[in-house]
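Worksheet: the structure to be examined is printed underneath.
The values are calculated or read from the model by the stated rules, or taken from the named source; none is laboratory data. Just so you know, these numbers come straight off a predicted model, no measurement behind them. In this analysis, Cβ positions are derived from the backbone assuming ideal geometry, glycine residues included, and neighbour counts consider all displayed protein chains.
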Amino acid sequence: MDVPSGFEQRQAEADAKAGVEAQYPAPAMRRLRVYAFDPQASLDLDTAVVNDAVISLPWETPWEEPLTAGPRNEYLEVIDYDPTNGLFYAPVDLSDPLLLAQDGLPPSEAQPQFHQQMVFAVAMKTIRLFERALGRSVMWAMEPRETEAQRKERADLDLPHPRDKYVKRLRIYPHALREANAYYSPEKTALLFGYFRKGEGEEAYDKDSGWVFTCLSQDIIAHETAHAILHGMERRSIEASNPDSRAFHEAFADIVALFQHFAMTDVVAHQIAHTRGSLRALSLLTGLAQQFGHATGRGGALRSALDTIGREAKAMDAAPDAGVRRETISRTTKPHDRGGFLVAAVFDAFVTIYERRTEDLMRLATGSSRPDGRELSPDLVRRLAAEATKAADHLLRMCVRGLDYLPPTGIRFGEYLRAVVTADADLVPDDPLRYRVALAEAFSKRGIFAPGCLSMSPPALYWEPLDFTEFESLGPAAVNAAFERLLPNIRSTVNYERVQEEMHLTGARRLNLREESFRVIRENQIAVHRWLKDLMSGLSGDGPEAMAQRRDWERMLGVKLDGSLRSISRNRKGEPAVEVHSARIARRAGPDGQELRQLIVQITQRRRAYADDKTQDAADDGSLERTDPERWNDNPFWFRGGCTIHVDLRDGRVRRVMRTRIDNDARLEKERAFRTGPEGRLGVTEREPFAILHRS
């Protein structure tokens, strides 16, 4: 976030007025000790030497709240209540001089305060990773449950929905559950970590039994934090609308956790030396939640990036026809299992890139471009580790940036591939190491294809710019002119004067720029919504020209702007309701100094959906509402459509629109079939979707 000149000086003056001593400059980083993996890795002499790791986090800036006991800061609040034992554990104060002098508490399974330190450090590390890739602050989402009376009162008073309120902090409960589970709660905007005894029951008092704390697994913490961040970005991503939706959530969280292994260079070097330079061999780098997996009877990691790859190799040995693999993913419906194909594709692409980056080093050192099982020199190990770290960081940022290039509803694996390669091409046009080719190849190997694309080459996968040949009455001039009316009402920077005025009125010592950034997003959402209403009112005529333009805008935005489809949700005036989920500014910098500034708008609409075609037709033409109001109000689910719009702020032009149309009956039929199946029914009825997914 850009801060105007003199801002820090004004903050220092405010500190001085408040009696705060600021004689010395603040440290650049706050260092906190953690387990690199989990406590189990400290029980093996070989891995214990690298399991005690340190996470370095940027020191709090003048425009963030200071870190207090809990820990509690601008983004997170750790609340250590153990409901099973009815205890509140004393919060750790990471700003205590004794802890600052020793990089926080040393790793310990027996000390709750270290548990608090570890969940805070890993969650903040994950947050900073996303902010670096996205070019903006991370925001949290909330999905509170309203009673009918609360909903009616809100509508009568024209109050905003609770989910539109600013959620400042994600709460973290390190000891929330007495079970082998950990999950993100959209309803509570919280991460809940469980703990359990190995060998519950008859084996509970065996010599090998002991307590397992999920809050001490770096993989599990990063996984759950990624769920929360993804939900904050894509509000409808938690809905089970197709076989890929929940699987994508799980796979993406695994990808984040997996690639964060490679941010620890010493750990990477140790494991590369152990595997003689190969990343296709089982190691701590390729598995997730080793201790949890062992404790729950899996005999190894909870999940491994190589599991699916290994099964594919066996299938190919048995039947070389690639069609076998395509059928495998089509038969896989459980979210974690299906998500394994996406994780395998991304990890396979990463290993391919790593091997390409290091083949010259391997040739110079061993005479072969591939690992041959010989022990490697320490110098070569360090160089290989550096290349692995660089490749993992680049690929992970590609995966994160791709989230801004997805349609707002019904995420599918093939669309995610298109999103990742398009986002990368926008920021880094040249791709000499063929990252995008490696991804496309790895996806196609697993039968993950992008519908509507002529081939799996990266240029064919890019989300195409707006094709005006599909419109009868809209051209580039008309569309850009419409958006030119919107852009003057869009704010791209925070209002520092307003923040300082509020600071003066409230007596606050800090300027909360993150909350002001949220206000900017909300004001932009309102501006886009007003722009849409003006657009609809201008297209409300019955003349041929107005009708043609309305059809074209509906086709472009994926929503219905007239009342012809009565199953579309309507506002109190009876007009088709349209939601603006987000209107955010992204500022990104490429490796060669490229800068990309975009306005990213997400628009959605919902439509009543029913279990059979006859009822659906009656709802669509309005007869069901007139003849059977009770059945009309008892629709099993809401079908959603909409679009993600990218406006290039360098010239104010619309670059592309990624849409899923609300009037696509073929897509509605597929979603109906999924939701009425066993996996879909689970997603519809479960209030805490990740609780049941992670428990299973």
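Mind listing whichever residues of region 117-164 are modelled with pLDDT of 85 or more, within 29 Å of HIS175 (Cβ to Cβ), basic (Lys, Arg) and surrounded by fewer than 19 Cβ atoms within 10 Å (Cβ to Cβ)?
ARG128 - this is the single residue of region 117-164 that is modelled with pLDDT of 85 or more, within 29 Å of HIS175 (Cβ to Cβ), basic (Lys, Arg) and surrounded by fewer than 19 Cβ atoms within 10 Å (Cβ to Cβ).
Could you please give the count of residues in region 10-51 that are at pLDDT 85 or above and basic (Lys, Arg)?
Residues flagged as at pLDDT 85 or above and basic (Lys, Arg) within region 10-51 amount to 3.
Looking at VAL400, VAL437, VAL421, which one is assigned to a helix (DSSP H, G or I), at pLDDT 90 or above, surrounded by fewer than 18 Cβ atoms within 10 Å (Cβ to Cβ) and in contact with a helix residue (DSSP H, G or I) (Cβ under 9 Å, 6 or more places away or on another chain)?
Details: VAL400 fails: surrounded by fewer than 18 Cβ atoms within 10 Å (Cβ to Cβ); VAL421 fails: surrounded by fewer than 18 Cβ atoms within 10 Å (Cβ to Cβ).
VAL437 is the lone residue from the list that is assigned to a helix (DSSP H, G or I), at pLDDT 90 or above, surrounded by fewer than 18 Cβ atoms within 10 Å (Cβ to Cβ) and in contact with a helix residue (DSSP H, G or I) (Cβ under 9 Å, 6 or more places away or on another chain).
Where residues in region 253-281 are of a type in the set (D, E, K, R) and part of a helix (DSSP H, G or I), which of them is surrounded by the fewest Cβ atoms within 10 Å (Cβ to Cβ)?
Top of the filtered list is ASP266.
Evaluate region 182-202: report whether one residue or more is surrounded by fewer than 15 Cβ atoms within 10 Å (Cβ to Cβ), under 19 Å from GLU109 (Cβ atoms) and either touching a strand residue (DSSP E or B) at 6+ places or on another chain (Cβ under 7 Å) or at pLDDT below 95 (or both). Even if it seems obvious, please write down each step before you answer.
Here is the first cut: in region 182-202, the residues surrounded by fewer than 15 Cβ atoms within 10 Å (Cβ to Cβ) are 187, 200-202.
Still in the list and also under 19 Å from GLU109 (Cβ atoms): 200.
Add one more test, that the residue is either touching a strand residue (DSSP E or B) at 6+ places or on another chain (Cβ under 7 Å) or at pLDDT below 95 (or both), and what stays is 200.
Yes, region 182-202 contains a residue that is surrounded by fewer than 15 Cβ atoms within 10 Å (Cβ to Cβ), under 19 Å from GLU109 (Cβ atoms) and either touching a strand residue (DSSP E or B) at 6+ places or on another chain (Cβ under 7 Å) or at pLDDT below 95 (or both).
Enumerate the pairs (first residue in region 251-267 and within 22 Å of ALA386 (Cβ to Cβ); second residue anywhere and among the basic types (Lys, Arg)) with beta-carbon separation below 8 Å, excluding pairs fewer than 6 apart on the same chain, so at least 6 apart or on different chains.
The qualifying pairs are GLN260/LYS125; ALA263/LYS125.
Is it the case that GLU669 is more than 23 Å from GLU143 (Cβ to Cβ) and over 28 Å from the mean Cα position of the chain (by Cα)?
no
Going through region 516-539 one residue at a time, which ones are buried (at least 18 other Cβ atoms within 10 Å of the Cβ), modelled with pLDDT under 85 and not hydrophobic (A, V, I, L, M, F, W, C)?
GLU516
Condition first: over 29 Å from ALA180 (Cα atoms) and in contact with a Phe, Trp or Tyr (Cβ under 7 Å, 6 or more places away or on another chain). Can you find one or more residues in region 68-91 that meet it?
no
Answer with yes or no whether SER492 is under 26 Å from LEU599 (Cα atoms), part of a loop (DSSP other than H, G, I, E, B) and small (Gly, Ala, Ser).
Values: under 26 Å from LEU599 (Cα atoms): yes; part of a loop (DSSP other than H, G, I, E, B): yes; small (Gly, Ala, Ser): yes.
Yes, satisfied.
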